[in-house]
Amino acid sequence: MNIILTTQPATTGDLIIPVEQTAELTDQLASLAQKLALPAAVLQRDFKADAKEVLVLYRQDGSKIYLLGIGDKPQEMDWLRAFRKLIFDHKTKLPEQLSIDLSAVYADVVEAVVLGVRWGGYDLKLYQTDKPAPPVFFSEAGQLTLFINPNQQTVAQEALTRAEAIAQTQRQILDLMNAPANYKIPQTLADWAVLSGKENDYAVTILDKAELEKQKLGALLSVSQGSDVPPVLIVTEYKPKGVTNAIKVGLVGKGVTFDTGGVSIKTSASMHLMKSDMGGAAAVLGTVEVAAKLKLPIHVIGIVPATENSTDGRSTKPGDVVTAYNGKTIEIIDTDAEGRVILADGLGYMVKNFQPDILIDLATLTGNVIAALGYHAAGLFTQNDELANKLTEASNQTGERLWRLPVWDVYREDIKSDVADLKNYSGKPVAGAISAAKFLEVFTENHPAWAHLDIAGMAFADTEFGSQKNATGFGIRLLIAYLRALILETR
Ligand code: BES
Ligand code: ZN
Ligand code: ZN
């Protein structure tokens with residue numbers, strides 16, 4: 001399916017008219033009714049423009065009009081969700097030609113609309129053998145026409161370009177997230193990054209097991225010890241051309257391709273969900289790719305320590321002491337607290353080799369953050385108020401909620417070890433997400449502009465689009481919005 005912008009209403013195919021729930025709704029429906037030669041009273045009675053509400057109208061020529069409710073004071077996320085749901089529900093019934101009437105709204109919604117449409121076509125049935133052919137609208141012949149106001153062309157074109165870049169990346173990232181551990185090992189993430197770097201012109205270096213041993217990334221190696229598949233450290237770097245003094249942003253993502261818990265093994269009830277324990281890596285890899293595609297004038301480095309966490313005779317055992325890349329020793333109390341251990345090396349490697357101005361890590365790190373915030377927000381941990389505010393602003397814009405939790409030094413007590421520099425688990429059933437953040441802080445060498453996002457409840461979630469938890473792509477839109485705001489501010 002391809003997408004075009006026009007300033008003339010389309011004459012063929014189905015039409016979607018999005019309607020916001022404003023005070024003028026009654027009048028708006030009356031004029032719409034007149035245009036469509038329908039009785040106004042019926043339309044006003046049957047359609048309230050609630051979020052995701054759909055009213056299908058049939059035209060004489062056999063085509064359809066979908067009135068789509070966007071709700072009251074909609075944000076970007078409401079537009080995205082409404083379109084995603086409409087397209088998902090109706091995709092097999094859509095004709096080749098579909099148009100959306102955006103002539104009455106600001107064209108900055110184009111990004112959310114396009115993402116919603118593309119995402120609505122996303123198919124979870126990755127490994128089903130009797131898959132039906134893709135719906136005609138999503139085939140090569142499909143065409144989406146966005147009807148916009150002539151004075152909105154520049155904004156609309158920019159939003160469309162951005163949306164297409166994000167959508168294409170997001171789709172691959174969703175596939176990676178939804179892939180099970182027998183289709184996705186650390187090398188799979190490395191291969192993805194190498195190919196993406198080639199296609200989008202940014203640098204990718206993979207440190208294989210021998211190199212990790214040589215450079216002494218002992219923390220990452222200790223987690224991978226019990227697994228048959230080797231670990232990797234993925235280092236990606238997008239540097240804008242012709243921009244001097246670009247801000248350097250370092251992103252680090254947890255890439256555990258499967259988390260059994262190790263010797264401190266997890267119970268089986270929801271262990272299968274742990275194929276998604278690379279949600280932080282997915283967000284980092286996706287963000288670097290989108291930044292490169294959009295040629296953002298900002299220097300972005302993405303680092304992903306990737307490994308499986310498995311059980312075996314050679315696995316790290318509780319009580320073992322391992323030495324991280326930065327030379328600090330860690331007492332492993334619980335082998336299921338492996339995310340912070342591999343991030344210790346990811347962060348250490350970033351700080352030592354790249355000295356970023358801003359350092360952000362993302363990880364499906366703790367069940368405890370879900371106990372605190374449920375499945376509605378990621379935990380945001382930082383001592384830097386300015387960074388907290390900027391990330392929160394970006395999150396409000398994209399609808400990927402963040403909620404700040406403290407990282408006071410009193411919590412540092414929880415990870416003091418008697419035998420090593422620190423331990424990986426407090427042993428207490430309280431404040432687990434915070435003590436995990438305090439652990440990471442040590443390996444940032446107290447970086448003044450560091451933020452940690454615990455996305456355990458957000459990366460893989462229950463949605464209306466599948467019967468089991470599935471990938472959300474959490475973090476890519478958020479980080480891109482954050483980077484764009486940073487660029488605007490420093491111009
Ligand atoms: N990958 C898990 C955290 C997680 C839990 C992610 C649920 C997504 C959904 C992490 O490695 C883990 O097992 N954390 C333990 C830490 C504990 C042993 C200190 C946890 O949160 O229970
Ligand atoms: Zn774990
Ligand atoms: Zn984990």
| Unsatisfied cross-links (Cα-Cα over 28 Å) in the set Lys209/Lys416; Lys184/Lys416; Lys275/Lys438 | Lys209/Lys416; Lys184/Lys416
| remark: Heavy-atom accessible area of the chain with neighbours in place, 1.4 angstrom probe: carbon+sulfur share in percent works out to 51 percent
| remark: Note on the chain: contact order normalised by length, alpha-carbon pairs under 8 Å, 6 or more apart, percent, works out to 13 percent
| task | Work out from phi, with θ = phi - 60° and the Karplus expression 6.51 cos²θ - 1.76 cosθ + 1.60, the ³J(HN,Hα) of each residue of region 106-112, listed in order in whole Hz, and give x for Gly and Pro. | result | 5, 6, 5, 6, 3, 4, 5
| task | Report ³J(HN,Hα) in whole Hz for each residue of region 283-290, in order, from the Karplus equation J = 6.51 cos²θ - 1.76 cosθ + 1.60 where θ = phi - 60°; Gly and Pro get x. | result | 5, 5, 4, x, 5, 4, 4, 5
| message | Apply the Karplus curve 6.51 cos²θ - 1.76 cosθ + 1.60, θ = phi - 60°, to the phi angles in region 126-134 and return the couplings in whole Hz, x for Gly and Pro. | response | 4, 10, 7, 8, 10, 5, x, 4, x
| So which lysines can Lys239 reach, going by Cα to Cα under 26 Å and dropping same-chain residues fewer than 8 places off? | Lys198, Lys248, Lys254, Lys293, Lys295, Lys352, Lys390
| Over the chain: helical MRE at 222 nm, DSSP H runs n ≥ 4 each giving -39500 (n - 2.57), nearest 500 | -11500 deg cm²/dmol
| remark: Mean Cβ-within-10 Å packing, highest first, puts peptides 166-178, 205-217 in the order 166-178, 205-217
| task | Calculate the length of the line joining the C-alpha centroid of region 384-418 to that of region 301-338, in whole Å. | result | 24 Å
| If you roll a 1.4 Å probe over the heavy atoms of the protein chains, what accessible area per residue do you get for region 390-491, in Å²? | 43 Å²
| field | Proximal aspartates and glutamates relative to Lys85, as straight alpha-carbon distance under 15 Å, when same-chain residues fewer than 8 apart are discounted | value | Asp50, Glu53, Glu76, Asp123, Asp462, Glu464
| query | In what sequence, highest mean first, do 286-296, 133-143 appear when ranked by Cβ atoms within 10 angstrom? | reply | 286-296, 133-143
| remark: The pairs in Lys266/Lys328; Lys216/Lys317; Lys64/Lys91 lying past 23 Å Cα-Cα in this model are Lys266/Lys328
| query | Using the heavy atoms of the protein chains alone and a 1.4 angstrom probe, what is the accessible area of region 53-204 per residue in square angstrom? | reply | 47 Å²
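The values are calculated or read from the model by the stated rules, or taken from the named source; none is laboratory data. Just so it is clear, the model here is predicted, and its values are computed rather than measured. Glycine gets a Cβ as well: all are built from the backbone with ideal geometry, and neighbour counts include every protein chain shown. SASA here: full protein model, heavy atoms, side chains in, ligands and nucleic acids out. Shrake-Rupley method; radii C 1.70, N 1.55, O 1.52, S 1.80 Å.
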